Every structure is written in C-alpha cells, then in structure tokens.
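The values are calculated or read from the model by the stated rules, or taken from the named source; none is laboratory data. On a predicted model such as this, the values are computed, not experimentally measured, just so you know. In this analysis, Cβ positions are derived from the backbone assuming ideal geometry, glycine residues included, and neighbour counts consider all displayed protein chains. Accessible surface areas use protein heavy atoms only, side chains included; no ligands, DNA or RNA. Shrake-Rupley method; radii C 1.70, N 1.55, O 1.52, S 1.80 Å.
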Amino acid sequence: SELPLSEPNRQYTSLGMSIEDMHLYALDFNTKELLRINAKGKVESLGVPENLDVNLEYWAGDVAPEGRRLIVVGKDKAADKDIRVYSISLVRDDHYAGSTDIVSNLPTAITDIATDPVRGTLYGYDKNQKQIISIGTNVLSHYQHEKVGEFVEGLFFDKNGNLYAYGGGEADQS
C-alpha cells in the first residue's frame with residue numbers, strides 16, 4: 001500500500017525500518033539530512049548526521065537488525081565507486097556517523113543493501129559487477145556466480161532468511 005509523505009518533493013535514499021521505534025529512516029539525497037518517517041507519512045528532519053561526508057552520494061542503506069543504526073554506503077561520484085560505509089546512530093542526539101573505508105578488489109557501486117535476519121550478514125547489489133556481494137566489517141566479497149542481467153533496485157529478506165531482489169531493465173544511476 002502507498003504511504004503519502006508530508007514532504008513528497010525530497011529524494012529519499014537508504015530507506016530502512018527500525019524495529020526499535022517502528023519508524024522508517026532515510027537520507028535526503030541532496031541535503032544529506034537524516035529523515036524519520038512515521039506510520040502516517042509525516043517526515044521529520046533530524047539534521048545532517050555528525051561526521052557524515054556530505055560530498056559523497058548515498059544510494060544504498062538499511063536499518064541494522066537491532067533497529068538502532070542506519071547503515072549507508074558512500075559513493076565517490078567522480079571515481080564512480082563506493083569508498084566508505086557509515087553507521088548512523090538513530091538514538092544519539094547528534095546522530096553520529098561512525099565510518100570505515102571499503103576494501104574491495106573491484107570498484108563497486110552498490111544500489112541497495114539488506115541484512116539477513118537469520119545470520120546478520122549484510123548483502124548488497126553491485127551494479128558495476130552486476131553481482132550480489134556480502135559486506136563484512138569493511139571488506140566486500142564478490143561471488144563467482146552468474147551475473148545478474150537486470151538492474152536491481154532493491155533487496156530484501158523474508159522472515160525465513162530468503163534473499164529477494166526487484167528491479168527492471170538497465171538503468172543509469174549516475
């Protein structure tokens with residue numbers, strides 16, 4: 001079902017739901033503000049998280065399973081690759097964004113991430129390599145399986161830990 005937003009003109013990215021307070025959290029793609037969205041679609045800006053690099057682009061994100069952090073991937077647009085993972089506190093007043101640099105043998109551009117509810121592993125879709133990847137502490141692992149032919153816009157897990165993806169034909173996310 002649709003959720004009419006009180007601020008429909010924002011570009012929402014890195015969307016995830018917190019089981020801690022049952023709110024949706026996202027970043028505004030342009031302003032980098034952390035946004036909290038309630039069940040009625042009311043959008044509240046929580047400001048730009050402390051320590052978040054506002055010069056990066058944030059396409060992929062998800063709320064961690066415990067519901068207290070929004071995990072986002074920072075992409076250097078000029079280099080066209082992801083360079084950092086941030087963990088934004090949803091409970092601290094300053095919404096501090098701790099970070100770690102990405103280590104990968106291939107340049108990645110992750111379009112979405114999702115956390116396995118059974119194992120706690122973070123997975124993403126890398127549009128550069130057209131593959132599902134796993135994200136460790138800061139190391140990305142590409143798997144030697146067949147590439148995904150279509151553009152994946154989103155990933156999600158069901159309650160049994162099965163990973164699903166949705167998307168369409170080729171899309172440009174530059």
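Figures for the structure shown
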{"item": "Other-chain or far-sequence residues with amide H under 5 Å of residue 108's (modelled H)", "result": "82"}
{"item": "Loop sites in segment 1-44: trypsin sites (Lys or Arg not before Pro), DSSP, at most 15 other Cβ within 10 Å", "result": "40, 42"}
{"item": "Accessible area of segment 67-106 belonging to carbon and sulfur atoms, whole % at 1.4 Å probe", "result": "45 percent"}
{"item": "Accessible surface, segment 10-81, averaged per residue in Å² (probe 1.4 Å)", "result": "46 Å²"}
{"item": "Over 18 Å [Cα-Cα, segment 62-135], rounded percent", "result": "40 percent"}
{"item": "Taking the convex hull of Cα positions in segment 1-63, its mean projected area over all directions (nm²)", "result": "4.4 nm²"}
{"item": "Under 24 Å from the Cα of residue 127 - lysines, other chains or at least 8 residues apart", "result": "32, 75, 77, 81, 147"}
{"item": "Counted charge near residue 19, where neighbours are those whose Cβ lies closer than 13 Å (Asp, Glu -1; Lys, Arg +1)", "result": "-1"}
{"item": "Per-selection Rg to Rh, segment 1-118 - Cα, Kirkwood hydrodynamic radius", "result": "0.96"}
{"item": "Which of 22, 17 is most accessible, then next, and so on - probe 1.4 Å", "result": "22, 17"}
{"item": "Neighbour-limited loop hits for GluC sites (Glu not before Pro), segment 49-128 (at most 14 other Cβ within 10 Å; DSSP other than H, G, I, E, B)", "result": "50, 66"}
{"item": "Extension gain (nm, one decimal) between residue 44 and residue 92, 0.36 nm per residue minus Cα-Cα", "result": "15.7 nm"}
